[in-house]
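Here the structure comes first, spelled out in structure tokens, and everything after it is commentary.
Read-outs throughout are calculated quantities, based only on the coordinates presented, and are distinct from any laboratory measurement. Values in this document were obtained by computation on a predicted structure and should not be read as measured data. Glycine also receives a Cβ, built like all others from the backbone with ideal geometry; neighbour counts cover every protein chain displayed.
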Amino acid sequence: MVATCAASNLSGNWLIATPNGDGTMRRTYFHLHEQDHRITGTIRATLHVYSIDKGTGGPENFTISAAMRILGGERRVTYRGKLAGDQLQVVEVGANGASPTLFARRVPEGEGALPARIEPPPLHPVRDNGLARTPPMGWNSWNKFANHIDDATVRGIADAMAVNGMRDAGYTYVNIDDTWEGERDARGNIHPNQKFPDMKALADYVHSKGLKLGLYSSPGPDTCEGYEGSYGHEEQDARTYAAWGIDFLKYDWCGAFTLYKDSEMQAVYQKMGDALLASGRDIVFSLCQYGLVDVWKWGPAAGGNLWRTGGDISDSWESVSRIGFSQNPLAPYARPGHWNDPDMLEIGNGHMTDTEYRTHMSLWSMLAAPLIAGNDVRNMSTSIHDILTNREVIAVDQDKAGLQAKRAWQSGQQEVWTRQLAGGDTAVAVFNRGSKDSQVTFRWADAGIPRAPSHIRDLWRHTEEKPLGPEYCSEVPGHGVVLLRIH
Ligand code: GLA
């Protein structure tokens, strides 16, 4: 009766495979050991590997709770379930109640186990690829479309950018974020999933519009969304990207958390930096590891053209102002070819006012940040279009000197940031972080500008302002900005 015995015990390797709708599966593995109503083992849910620290019950009814350490904190999952025939029926129990019932089947021992760890290479500086002499500009799918991105949408976005003035204003890269990935073939070559039938053809199409195409991957086995990462296939993937005609890679740490320590990040990123160079194609390298371990200090040495300086942005004033106004200490690290990336734009995604979006655009331009639009540019209001394509503001962002703005003056919720531009002009952003309209008055000298300017141009109104002597004074709307170029 060995078979009955085995079937009535929870011990074993169980898989929940949920179709993503693009030919790939979201896989969760329960590797369980049951003895005397105590359950131990691990749960691997896409990139997350949890250890079961509370597991009680048996085949009729069990509860398992498991934890993992991530980003200096703990992440926890809890499942309840029972054995029904040859299936496990489980629900995930979260803060918002229980999930629908999920069904797990037995799979061979070892399936879904984390791959063996590959030692990171010794550190060396990656040769500068010579790209991104000004902050990269373009569009990325994540902020608006998340998982719902496909070939037709990307073509539509490229079509729109080619005719709506964005391309001509400098927005060049059309970047596909997570969820394009399919499976690897027997030779280990990565293929796109069903949403992207032919990546080379898509790249050709985007190039035919005078634009460039970007992709996304992870140094880990999985991406944040649980798709195939580049782990152990770095050179091969870089060659594949080059063969497809890819021009930009966003490389997201997510799935590497399980295999590498934070202190190994530089070496792990360096590996892809080298691989992209070796591919022979010009591919901008975008580091996405949420600003951990002072990436601004080693990003360039790992081959990075830009590096995220923090966690994910969202379409809210709270998020944009918290991220944007905290970038002051990072100013010294931005320079041509190597940029701080406070994350992609949310302009036009609908949860902020035009005033707030103008502040977002102004602040990012002052910060010499990459301008990667994140809205549905096929379909945007005139005001959003005008914010994204304001050439005078873009000229600040794209200034050749590549010096990032610093906070020069502050009084309560009012702040003045200044940015030295090539040729001697200065960009001056007068922010009102408060929610009410207010009058901002400051002395130029107090904002580090020793001589009162003879010329003041308002970059949103597109007008010359009359210099008023040693002081500047203006009404600034709540959450708003007055952006000036002076000399
Ligand atoms: C992380 C990144 C985001 C986005 C998602 C995709 O959260 O920080 O910008 O790429 O992954 O899964």
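Going by a ≥ b ≥ c, the root eigenvalues of the Cα gyration tensor, does the stretch 93-163 fall in the rounded group (a/c under 1.5), the prolate group (a/b larger than b/c) or the oblate group?
Taking the square roots of the gyration eigenvalues as a ≥ b ≥ c, the stretch 93-163 is oblate.
Taking each pair of distinct Cα atoms in the stretch 206-304 once, what is the resulting Kirkwood hydrodynamic radius in Å?
13.5
Hey, any idea what the orientation-averaged projected area of the convex hull of the stretch 166-249's Cα atoms comes to, in nm²?
5.6
For the chain, give the share of DSSP beta bridges that are antiparallel, in percent and rounded to the nearest 5; count only bridges with both residues there.
Percent antiparallel among DSSP bridges in the chain is about 80.
Which of the three applies to the stretch 61-198, rounded, prolate or oblate, going by the alpha-carbon gyration tensor with a ≥ b ≥ c and a/c under 1.5 meaning rounded?
Cα axes put the stretch 61-198 in the prolate bin.
Over the Cα atoms of the stretch 315-417, how large are the radius of gyration and the largest Cα-Cα distance (Dmax), in Å?
Every Cα atom of the stretch 315-417 included, Rg and Dmax give 13.4, 40 Å.
Among D274, D86, which comes first, second and so on when ranked by fewest other beta-carbon atoms within 10 Å?
D86, D274
Expressed in whole Å with the largest first, what are the equivalent ellipsoid semi-axes of the stretch 1-109 derived from the C-alpha gyration tensor as the square root of 5 times each eigenvalue?
On the way: eigenvalues 95, 61, 34 Å².
Computed over the stretch 1-109, the values are 22, 17, 13 Å.
Would you calculate a helix-derived [θ] at 222 nm for the chain, using -39,500 (n - 2.57) for each DSSP H run of n ≥ 4 and dividing by the full residue count, to the nearest 500?
Calculated mean residue ellipticity at 222 nm is -5500 deg cm²/dmol.
Principal axis extents for the stretch 132-175, Cα atoms only, whole Å, descending order, please.
31, 21, 14
Give the residue list of trypsin sites (Lys or Arg not before Pro) in the stretch 219-328 that are DSSP loop and have at most 12 other beta-carbon atoms within 10 angstrom.
K261
I want the local charge near M352. Using Cβ-Cβ distances under 9 Å, sum +1 for each Lys or Arg and -1 for each Asp or Glu among the other residues.
-4
Would you be so kind as to identify which of I456, V377, P221 lies farthest towards the positive end of the dipole of the chain, taking Lys and Arg as +1 and Asp and Glu as -1 on Cβ and the Cα centre as origin?
Of I456, V377, P221, it is I456.
About its Cα centre, how strong a charge dipole does the chain have in debye, to the nearest 20, once Lys and Arg get +1 and Asp and Glu get -1 at the Cβ?
Dipole magnitude for the chain comes out near 580 debye.
Put +1 on the Cβ of every Lys and Arg and -1 on every Asp and Glu Cβ in the chain; which of L367, A256, G350 then has its Cα farthest towards the positive end of the dipole?
L367
Could you give the spread of the C-alpha atoms of the chain along their three principal axes, from largest to smallest, in whole angstroms?
Result, largest extent first: 95, 47, 44 Å.
Report, in whole Å, the centroid distance computed from the Cα atoms of the stretch 388-459 and the stretch 335-359.
Each part reduced to its Cα centre gives a spacing of 17 Å.
Summing Lys, Arg as +1 and Asp, Glu as -1, what charge do residues with Cβ under 11 Å from the Cβ of N147 carry, N147 excluded?
Cβ neighbours under 11 Å give a net charge of -3.
Can you give the Kirkwood hydrodynamic radius of the stretch 426-487 from its Cα pairs, in Å with one decimal?
One over the average 1/r among Cα pairs gives 11.8 Å for the stretch 426-487.
Quick one: net charge around W417, please, counting Lys, Arg +1 and Asp, Glu -1 for every other residue with C-beta under 12 Å from its C-beta.
Numbers: positive: K406, R407, R419, R433; negative: E415.
Result for the local shell: +3.
Once each part is reduced to its C-alpha centroid, what is the distance from the stretch 251-296 to the stretch 169-244 in angstrom?
So the two Cα centres are separated by 16 Å.
Based only on other Cβ atoms within 10 Å, what is the fewest-to-most ordering of S279, S314, S230?
Least crowded to most crowded, the residues run S314, S279, S230.
Within the chain, which complete DSSP H helices have Cα atoms spanning at least 24 Å along the helix axis and a mean Kyte-Doolittle hydropathy of -0.5 or higher?
none
Filter the trypsin sites (Lys or Arg not before Pro) in the stretch 397-487 down to the DSSP loop ones having no more than 12 other Cβ atoms within 10 Å, then list what survives.
Sites meeting the loop and neighbour criteria: K400, K436, R451, R461.
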